[in-house]
Amino acid sequence: MLSNPIQAGKVTLNTKSENMIVGICGLGKLGLPLALVLAKTGLQVYGVDISKERIAEIESYKTTQAPEPKVTEYLQKYGRNLKLFSNDKMLKDASVVFVITHTPSFPDGHFDISSVENAVKSIHEVNPDCTIAVCSNIGIGNIDKLHKIHERICLNPEAVALGSVTEGFENPKFVVIGAYTNEYAEVVRRIWRRVHDKPIYVVKPIEAEIIKLSINFNCSLGILFANVIGELCEKFDIDSSKILDMIYKDRRDYKSGLGFSGPCFPRDVNCFKAIGIEKNAGSVQKLSTILNDLNDYIVQRYLEKIKSYKKKEIGILGVSFKPNVPYIYESQPLKIAGELIKEGYQVYIYDNLAEENAKKVLDKAIFCPSIEKCLNEAEVVFIGTSNYSKVQTNKPIVNPWK
């Protein structure tokens, strides 16, 4: 079982570790700063780039200002710990090799990991026992493919931005290591402990892949949201930064489940849309429409999951708009129940608080006096509200709250 997170705190490496060689495969805009950050800790770093022109360019940075901050300074101060090569064979004695090569995008959006794959193959040929830490941007499931080439491999996704790459490596919010075993993760963790004392999280490789992509996806959503608010505020001659500062004080950590409902969220989204139309604020209108479309999609998604079992007796635990209330405002489990009934399914419901309100809407549903009765009657069980998410049965369960 992998640990999550590993405790922060500086560690002292043993003598053998002090003398280890760390390889960096790929000395581009990110790889070179990484090599220098590690060289700063006193490690012997072997940097490899197949482009001899790039090697020559790096050498020139010792006397001319590099485009990335701190690179020239670190080359001058710690360059004695960094050796540059254009041949992967020089990594034969490295204990750990960080692969940080370019992964351009295919037209369909997937990453082309051929440079990473070639690097892993080349390193494996000369040093099959080293630990490889892939830092390049890769897609979901790619580490599993690379694992077939080299056993001791993990994903160590970078979280840096051009213009502050060195600072990003030295002072991250946290570090993620996606590893198949704690042994592989430990080698990489100990290197990062020489650099900083920030939290280090060890997860499965596929989890690390999803985390990396999702963080950037979330940032992209945040940028778009800020611009939507910017357009809205512009229409009312309001300073958007003041509005956004207040919004950001109300951060909420939502879990996966059903969509937004209740007496406020759906109405406010529709009000945003109406204002967007009224004020000709295109981004406000478009985002509101997308939110409603995605919210409707969630209902359809779980309807299809329920119907995929090809059973006609469906039990639903919870039809209120959220747990432990009797209210059914825009309730998605209620909408799912209604759609199933329209399509000829027999629906059994248990919700002791919301039953009276739900009966006014679902006159053809059968309301059960207990959870056990609902489970016994149903062939498939849908968990409508998260307070029932731990209910167990030998019947098929569709649970959005897992």
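All of the numbers you see were taken from the coordinates with simple rules; none came from a lab. Every value quoted in this text rests on a predicted model; they were computed, and no experiment measured them. As a convention, Cβ positions derive from the backbone with ideal geometry for all residues, glycine included, and neighbour counts pool all protein chains shown.
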Inset, instruction - Rounding to the nearest 20 debye, state how big the charge dipole of region 252-402 is about its Cα centre with +1 on each Lys and Arg Cβ and -1 on each Asp and Glu Cβ. - result: 320 debye
Inset, instruction - Specify whether the C-alpha gyration tensor of region 194-334 places it in the rounded, prolate or oblate class, a ≥ b ≥ c being the square roots of the eigenvalues: rounded for a/c under 1.5, otherwise prolate if a/b is larger than b/c and oblate if not. - result: oblate
Inset, instruction - Give me the net charge of residue 362's neighbourhood, meaning all other residues with Cβ under 12 Å from the Cβ of residue 362; Lys, Arg count +1, Asp, Glu -1. - result: 0
Legend entry - Whole-number percent relative contact order across the chain, with pairs defined as alpha carbons under 8 Å at least 6 apart: 12 percent
Legend entry - All lysines inside 29 Å of residue 235 as judged from Cα atoms, apart from same-chain residues fewer than 8 positions distant: 249, 273, 279, 286
Legend entry - Solution diffusion estimate, µm²/s, Stokes-Einstein, region 252-402, Kirkwood Rh from C-alpha pairs, 25 °C, viscosity 0.890 mPa s: 153 µm²/s
Inset, instruction - Could you calculate the FRET efficiency of residue 289 with residue 181 from 1/(1 + (r/R0)^6), where r is the beta carbon distance between them and R0 is 41 Å, rounded to 0.05? - result: 0.30
Legend entry - Debye log10 I(q)/I(0) at q = 0.25 Å⁻¹ for region 118-163, Cα point scatterers: -0.90
Inset, instruction - Once you've got the GNM for the chain with C-alpha springs shorter than 10 Å, pick whichever of 152, 267, 194 has the biggest mean-square fluctuation. - result: 267
Legend entry - the chain: proportion of alpha-carbon pairs further apart than 41 angstrom, %: 37 percent
Legend entry - Compactness of region 123-256 as Cα Rg over 2.2 N^0.38 Å, two decimals: 1.34
Legend entry - Positive-end extreme of charge dipole, the chain - chosen from 223, 76, 139 (charges on Cβ): 76
Inset, instruction - Classify region 15-208 as rounded, prolate or oblate from the Cα gyration tensor: take a ≥ b ≥ c as the square roots of its eigenvalues, call it rounded if a/c is under 1.5, otherwise prolate when a/b beats b/c and oblate if not. - result: rounded
Legend entry - For the chain, share of DSSP beta bridges that run antiparallel, in % to the nearest 5: 10 percent
